[in-house]
Amino acid sequence: MTHRLLQRLLCAVCGLSIVIFCGCTDKTAQEPDSGERPETPSDTDSGLLDEIELLRNECIAQDMETADLQSLLSDHLQKQESAETEPASSEAPQREIPDSYRIEGVPEIAQLPDFPTGCESVSAVMLLQYAGEELSVSAFIDQYLDRSDHFYHMNGLCYGPDPSACFIGDPRTETSYGCMATVIEKAFLRFFGSDERYVNTTGLTLPVLCEEYISCGIPVMVWVSLKMEAPIPGSTWHLSDGSSYQWLANEHCMVLIGYDEQYYYFNDPYTGTCQKYEKALSEKRHEAFELQSLAVLPK
């Protein structure tokens with residue numbers, strides 16, 4: 001309730017003293033015209049005014065003093081305001097996160113020998129197939145993945161594609177590079193036709209991904225390094241905006257499927273099997289690739 005309404009109601013109580021003094025209880029008694037249009041009470045105000053009217057009638061019946069009525073009214077309004085502003089006492093219980101969890105049944109697909117640089121596409125298809133979609137790696141690459149191998153020289157500088165906009169090269173060749181999470185996100189959007197079935201989880205650390213997705217049975221593809229080895233500076237070229245870009249030669253994608261106290265578990269396209277890596281090392285490699293990750297939600 002607003003302070004303005006409180007003032008109006010208290011004024012009404014003060015006016016009651018005149019009514020009681022005159023021995024009159026006629027509700028149609030006219031008040032002096034102030035020259036202002038009366039305010040129309042809101043639904044909330046009307047309900048509270050009804051309550052106050054009951055209090056007034058009760059006090060009149062019991063021949064209470066106006067001061068007593070004002071005190072009773074103030075107490076009533078304070079209780080109403082406390083009830084409106086007081087936070088809910090019962091909160092939904094928090095979900096208990098298990099100390100270890102491993103998602104069973106996530107497809108293990110090998111990128112070799114057909115897709116030597118296709119770890120991102122293979123990881124994406126693992127997510128799609130686990131989520132109930134029927135799609136091959138070849139179909140994903142040919143129908144949904146943006147690709148470019150357009151390198152050129154101008155003014156003595158080498159220019160090339162942006163790995164955040166497209167896959168650089170072809171996943172079927174050994175001399176290609178790869179792509180970032182935004183490229184796979186665009187492929188998911190093209191496949192699903194909307195953004196309701198996938199989430200770009202880039203920015204979330206591995207512990208948070210395990211808490212929010214893995215423990216809920218949702219695998220996540222993550223950008224790390226091949227065999228969790230230290231990142232290796234690779235080729236350098238310029239992007240169309242003139243900025244310089246350096247590729248990390250051992251960029252790799254795997255599908256995070258589980259964790260325990262010591263290890264994270266990944267379906268690794270490079271081996272076509274599940275591999276475990278020590279937690280601190282995995283987190284360090286994930287950070288080196290800017291915490292990129294994506295999840296596909298079940299139907």
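Overview of results
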{"read-out": "Scope the stretch 237-246; condition touching a residue at least 60 places away in the same chain (Cβ under 8 Å) and either closer than 22 Å to L112 by Cα or among the polar types (S, T, N, Q) (or both); matching residues", "value": "S240"}
{"read-out": "Residues located in the stretch 123-163, provided they are in a loop (DSSP other than H, G, I, E, B), surrounded by fewer than 20 Cβ atoms within 10 Å (Cβ to Cβ) and of a type in the set (G, A, S)", "value": "A131, G132, S136, G156"}
{"read-out": "Identity of the residue in the stretch 164-198, crowded, with 16+ Cβ neighbours inside 10 Å and aliphatic (A, V, I, L, M), that ends up farthest from V122 (Cα to Cα)", "value": "A165"}
{"read-out": "Tally of residues being touching a Gly at 6+ places or on another chain (Cβ under 9 Å) and either more than 14 Å from S100 (Cα to Cα) or not in a strand (DSSP E or B) (or both) across the stretch 267-279", "value": "2"}
{"read-out": "Subset of the stretch 164-190 that is among the basic types (K, R) and part of a helix (DSSP H, G or I) - its residue that is farthest from L294 (Cα to Cα)", "value": "R190"}
{"read-out": "Cβ pairs under 8 Å, 6+ apart, first in the stretch 279-299 and of a type in the set (K, R), second part of a helix (DSSP H, G or I) and at pLDDT 95 or above", "value": "K279/L206; R285/M228"}
{"read-out": "Given (1) closer than 12 Å to W223 by Cα; (2) of a type outside the set (A, V, I, L, M, F, W, C); (3) assigned to a loop (DSSP other than H, G, I, E, B), index of the condition H252 fails", "value": "(3)"}
{"read-out": "Filtered residues of the stretch 99-121 (kept if closer than 18 Å to R147 by Cα and part of a loop (DSSP other than H, G, I, E, B))", "value": "Q111, D114, F115, P116, T117, G118"}
{"read-out": "Any hit, the stretch 223-240, residues being part of a strand (DSSP E or B), within 24 Å of the chain's Cα centre (by Cα), modelled with pLDDT of 95 or more and at negative phi", "value": "yes"}
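The values are calculated or read from the model by the stated rules, or taken from the named source; none is laboratory data. These figures come from a predicted structure and were not determined experimentally. Using ideal geometry, Cβ is built from the backbone for each residue, glycine included, and neighbour counts are taken over all protein chains shown.
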